[in-house]
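Worksheet for the structure shown next.
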């Protein structure tokens, strides 16, 4: 049972897993909602522990333990499990009405682009809008956001164009925002912006997304096809070029697939599969 997607340790486990795993005690999660723009989700309850993924403003979660300023959670969005700082969560769960549809936008204290402090919020963050003033939407949690930067539904349909918005963004392990993202974070962010369900990690995406293509036919690929290596994924930008966040360039780039494949194969990682959505 994958611990990335199931809440269990020797001392504590999700009550829904009783009879499937062994633990000293079983608890039901309590609902919470992320109240800050972007929250690191760590492997362990300490600030220098590896970042596994990120939770965005407005996302909901189940909290299974709170201890010494840390919460052990499972995200509702993609079922990912990890530890977050307690102060990032609100016990009040609001009904979200809108999502951010641009790479990043700002929450202002007033409906005025000159007011401060302006708070950056990333694509796919969720917001509760209670009214409008001119070109701005007022939020239930306070502040205003430019109305054209948000949407009540999925307003985007080309996930390759979404991925392109993150060109030159710094590579960040576990990241999925304009401030930094990794290969699978880029894929998940782009697909979620278009209303397509997508798991978090590359191996999960390889298993769950799309239909398989013949691996020996790189010349038959199309825009939007996914290319998987061990621990890595990219999106075909067109029939010859790949867009991917990667540690070689330490940013998101577009480059010829055959060039990337040759370089990655030199580290004993040949292309493992090709998938079409």
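The values are calculated or read from the model by the stated rules, or taken from the named source; none is laboratory data. In this text the structure is predicted, and so the values were computed from the model without any measurement. Quick reminder, even Gly has a Cβ in these numbers, built from the backbone with ideal geometry, and neighbours come from all protein chains shown.
Data overview
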quantity: Single match in 220, 210, 195 (criterion: closer than 30 Å to residue 152 by Cα, modelled with pLDDT under 95 and surrounded by fewer than 18 Cβ atoms within 10 Å (Cβ to Cβ)); calculated: 195
quantity: Entirely in region 64-142, the strands (runs of 3 or more DSSP E) that have 2 or more residues that are closer than 18 Å to residue 40 by Cβ; calculated: 70-75, 81-85, 119-122
quantity: Positions within region 155-176 being outside any loop (DSSP other than H, G, I, E, B) and in contact with a helix residue (DSSP H, G or I) (Cβ under 6 Å, 6 or more places away or on another chain), in sequence order; calculated: 159, 162, 163, 176
quantity: Number of positions in region 86-98 that are crowded, with 16+ Cβ neighbours inside 10 Å and either over 17 Å from residue 54 (Cα atoms) or touching a residue at least 60 places away in the same chain (Cβ under 8 Å) (or both); calculated: 4
quantity: Enumeration of residues in region 228-242 that are within 13 Å of residue 254 (Cβ to Cβ) and crowded, with 17+ Cβ neighbours inside 10 Å; calculated: 234, 235, 236, 237, 241, 242
quantity: Residue ID - nearest to residue 194 (Cα to Cα), chosen from residues in region 122-154 that are touching a residue at least 40 places away in the same chain (Cβ under 8 Å) and touching a helix residue (DSSP H, G or I) at 6+ places or on another chain (Cβ under 9 Å); calculated: 154
quantity: Single residue of 232, 249 found to be touching a residue at least 24 places away in the same chain (Cβ under 8 Å), touching a helix residue (DSSP H, G or I) at 6+ places or on another chain (Cβ under 6 Å) and within 19 Å of residue 167 (Cβ to Cβ); calculated: 232
quantity: Number of positions in region 6-46 that are outside any strand (DSSP E or B), closer than 30 Å to residue 142 by Cβ and touching a helix residue (DSSP H, G or I) at 6+ places or on another chain (Cβ under 6 Å); calculated: 1
quantity: Search result, residues across region 200-219 that are under 27 Å from the mean Cα position of the chain (by Cα) and part of a helix (DSSP H, G or I); calculated: 202, 203, 204, 205, 206, 207, 208
